[in-house]
Amino acid sequence: MDVKEFAEKFIKAEDEAWQNGNFNALEALEDPNVVYHSMTRGEDLVGWEAHKQLILGNRQITSELHQDWKYIAGDGNVFSLSYKSRAKYAVEVPPLSIPAGATAVVDGLFVFRLNGGKVAEAWYQSSASVQ
């Protein structure tokens, strides 16, 4: 499978996890020790289980979630995706300056590194605007 095909599978797996709470496809695509380096939060998210818990936690504090992932580019074992979401937040999200009760649009950029056919590492930056 080439890197673009992998990226498209990853997008579908992320959508399934975020929209329906089904993590099977996403778990199959991520290394158990995957590391997400967050430029926004200034801390790393380490491990598949931590990524799953992040999604579960966000599913609890958002409603009306709409996501749009787009493949940008890839080569070898690296690919990048843009991300845009719109959701209503039930609680304040200080790292993104989102107040409780607000609807926010989050824009992000992700760069992924694969190892052994799975996501081993990712870097991301995001910002939010409150509407």
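A few notes on this one:
- Restricting the GluC sites (Glu not before Pro) of the stretch 28-113 to loop positions (DSSP other than H, G, I, E, B) with no more than 11 neighbouring Cβ atoms within 10 Å leaves E43.
- 3J(HN,Hα) from dihedral phi, the stretch 12-17, Karplus parametrisation 6.51/-1.76/1.60, rounded to Hz, x for glycine, proline: 4, 5, 4, 4, 5, 5
- Ordered by the number of other Cβ atoms lying within 10 Å of each residue's own Cβ, fewest first, H37, H51, H66 fall into the sequence H66, H37, H51.
- Close amide H contacts of E92 (hydrogens built in the peptide plane, cut-off under 5 Å, sequence separation of 5 or more or a different chain): A100.
- Counting DSSP beta bridges with both ends in the chain, the antiparallel % (nearest 5): 90
- Euclidean distance between Cα centres, the stretch 90-106 to the stretch 1-71, Å: 19
- Taking every lysine pair in the stretch 3-130 that is 8 or more places apart or spans two chains, those with Cα atoms closer than 15 Å amount to 9.
- Each 10 Å bin from 0 upward holds the following percent of the Cα-Cα pairs of the chain: 13, 45, 35, 7, 0.
- Relative to the longest principal axis of the Cα atoms of the chain, helix 48-61 runs at roughly 30 degrees.
- Note on R113 and S63: the extension gain reaches 15.0 nm, defined as 0.36 nm multiplied by sequence separation minus the Cα-Cα distance.
- Extending 7 Å from the Cα toward the beta-carbon at both A25 and K70 defines two label points whose distance is 2.1 nm.
Rule-based calculations on the coordinates, nothing more; no lab input. Bear in mind the structure is a predicted one, so any value in this text is a computation, not a measurement. Using ideal geometry, Cβ is built from the backbone for each residue, glycine included, and neighbour counts are taken over all protein chains shown.
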